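Single-structure report; data block below.
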Amino acid sequence: MKKKLNLLCVCVIIGLLLSTSTVVSIMASAFTSAFKAGYESVESGKDIKISDYKMICTLPTNLLEKTGSVTNVKTGEQVPIMPVISLVEAHSEGSTLPTTINRTISLISFIASIFCLLQFFYLIRNINRGDIFSWKNVKYLRKLGWTLIFLFICSMGNTILGNYEASQVLQLNGCEYSYMFAFSDSSFILGFTALLVAEVFAIGLRLKEEQDLTI
């Protein structure tokens, strides 16, 4: 039983890591590129311009209208694309308030993600010790659920701020800024699922306590 449970837990952790792999890879790539650019700037003694890319979410207003293109390296032709989630160069002068807020939200999200993993670890540790239906586990599940919902709110905030920043310097053709893709974040439904399981545990514990008092 415990082997099966531990295997499922490993699958959950792998799924969580895979679901965040895109964001993590972008952050790692940005850090590596910035470090390389800084090193080359010091070596050459010249300032290197670093492009300011912003992640935006868009939806095409007309599927028959060409909204963008990419180069097909095999033929050299420009192939039309319909951008949905894109990294777009949108330079803004200085460090704006939305940019500062966005970075702060990203840092808070990172800390909250670690907190989620800790609550999940504590829950599994208790279950492996045979302590399954307990108020401690209810507390861990509730903390896990509310933190996941908080992460969804942070993700939505990043999407709104990213689109807002881009809209101040970019005017799109054939598509419009959208926030619907933020709802595809799995933390939204996972958070409410954790809260539901916590409430089921709590109801079961109350019934058990009432039964013990009756006896």
Problem set entry | Integer Hz, Karplus 6.51/-1.76/1.60 couplings in order for the stretch 128-138, x for Gly and Pro | 5, 7, x, 9, 9, 8, 9, 5, 4, 5, 4
Problem set entry | Over the stretch 93-214, relative contact order from alpha-carbon pairs under 8 Å, at least 6 apart, % | 34 percent
For this session: Using 0.36 nm per residue of separation minus the Cα-Cα distance, give me the extension gain between Ile153 and Ser167 in nm, one decimal.
Result: 3.0 nm
For this session: Taking just the C-alpha trace of the stretch 103-143, give me its Rg and Dmax in Å.
Result: 12.6, 41
Exercise. Whose amide H sits under 5 Å from the amide H of Ile81, counting only residues 5 or more places off or on another chain, with H placed in the peptide plane?
Worked result: Thr67, Gly68, Ser69, Val70
Seminar exercise, completed: FRET efficiency (Leu118, Ile81; Cβ distance; R0 41 Å; to 0.05) is 0.50
Problem set entry | Extension reserve of the Lys139-Leu107 stretch, reckoned as 0.36 nm per residue once the Cα distance is removed | 9.0 nm
For this session: Enter the mean projected area of the convex hull around the alpha-carbon atoms of the stretch 93-214, in nm², rounded to one decimal.
Result: 9.8 nm²
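Each reported figure results from applying straightforward, stated rules to the coordinates on display, with no laboratory input. It should be emphasised that the depicted structure is a prediction, and the values quoted were computed from it without experimental measurement. Glycine also receives a Cβ, built like all others from the backbone with ideal geometry; neighbour counts cover every protein chain displayed.
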